[in-house]
Amino acid sequence: MSRKILLADDSLTIQKVVELTFMEGDFEVTAVSNGDDALGMLGEISPDIVIADVHMPGADGFQICRATRESHPGVPVLLLVGTFEPFEEEAAAEAGANAHLKKPFDSQELLRLVEDLLGSAAAGSSVEEPVVEQPMEIDDFEPDPAVLVEPPAEMVDEVGVAAAGEEQVVDEISAPSSGGLSEEDVDRIARRVVELMGEQIVREISWDVIPDLAEIVIKDRIRELEGQVE
């Protein structure tokens, strides 16, 4: 018998990713785009697990979590949160969430977490919240004199080169030539900014921005097709 997943997320991209992730397994995904619809579906499909975005139209992820606890006490709830969105751990704990996952996530990571939550629910136990590394506060850091060493000379050179590169990019952007920036200038500056930011940061930003743009294009195309039919 298929295990039922109720997914509540206003992103069409996330809906498609989750559906594809569980397409091969013994799962049945029901996706809705707002929290109010998710509350209505709780009684209709009796899900085995609920995956809810923390921030979306209608009821938010915390409200869905509380409603699930009231109507389906044994059903685990996994909260999704955007990379640059605040996550209130105390509110999640009070609502009774079993775990949370930050976007962008790896499909295999999502699959493993869902399997763990379902397995623990079947065994009548709870899954501990995944450990989220917290950034170290500067005041909390106390250097150990025994391990203080001078950085290698080649590292100092690399840092100096990187800093010089940053200054060069800033100069090029803040003080363009009188004729404006050419396409070659823009391309060169963009490449340099990507190098300085790092691939991981660019990937996370793209994961947040590109799906939103794709949804806008898709919705515009749907409206265009509807207009042609009318």
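A compact table of results
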item	result
Some residue of the range 28-39 being acidic (D, E), under 15 Å from P76 (Cα atoms) and at pLDDT 95 or above	no
Within the range 26-60, considering residues that are β-branched (V, I, T) and in contact with a Ser or Thr (Cβ under 6 Å, 6 or more places away or on another chain), the one farthest from L118 (Cα to Cα)	I45
Qualifying residue in the range 73-87 (condition: in a helix (DSSP H, G or I) and touching a helix residue (DSSP H, G or I) at 6+ places or on another chain (Cβ under 6 Å))	no
Unmet requirement for D26, which otherwise passes all of (1) in contact (Cβ under 8 Å) with a residue 40 or more places away in the chain; (2) touching a strand residue (DSSP E or B) at 6+ places or on another chain (Cβ under 7 Å)	(1)
Total residues in the range 2-23, condition surrounded by fewer than 20 Cβ atoms within 10 Å (Cβ to Cβ), touching a Ser or Thr at 6+ places or on another chain (Cβ under 9 Å) and among the acidic types (D, E)	1
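Residues checked against (1) surrounded by 12 or more Cβ atoms within 10 Å (Cβ to Cβ); (2) at pLDDT below 90; (3) out of contact with any Leu (no Cβ under 7 Å at 6 or more places or on another chain):
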position	(1), (2), (3)
Q63	yes, no, yes
G74	no, no, yes
A91	yes, no, yes
A95	yes, no, yes
Q108	no, no, yes
R112	no, no, yes
E115	yes, no, yes
G124	no, yes, yes
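The values are calculated or read from the model by the stated rules, or taken from the named source; none is laboratory data. Just so you know, these numbers come straight off a predicted model, no measurement behind them. We place every Cβ from the backbone using ideal geometry, glycine too, and count neighbours over all the protein chains shown.
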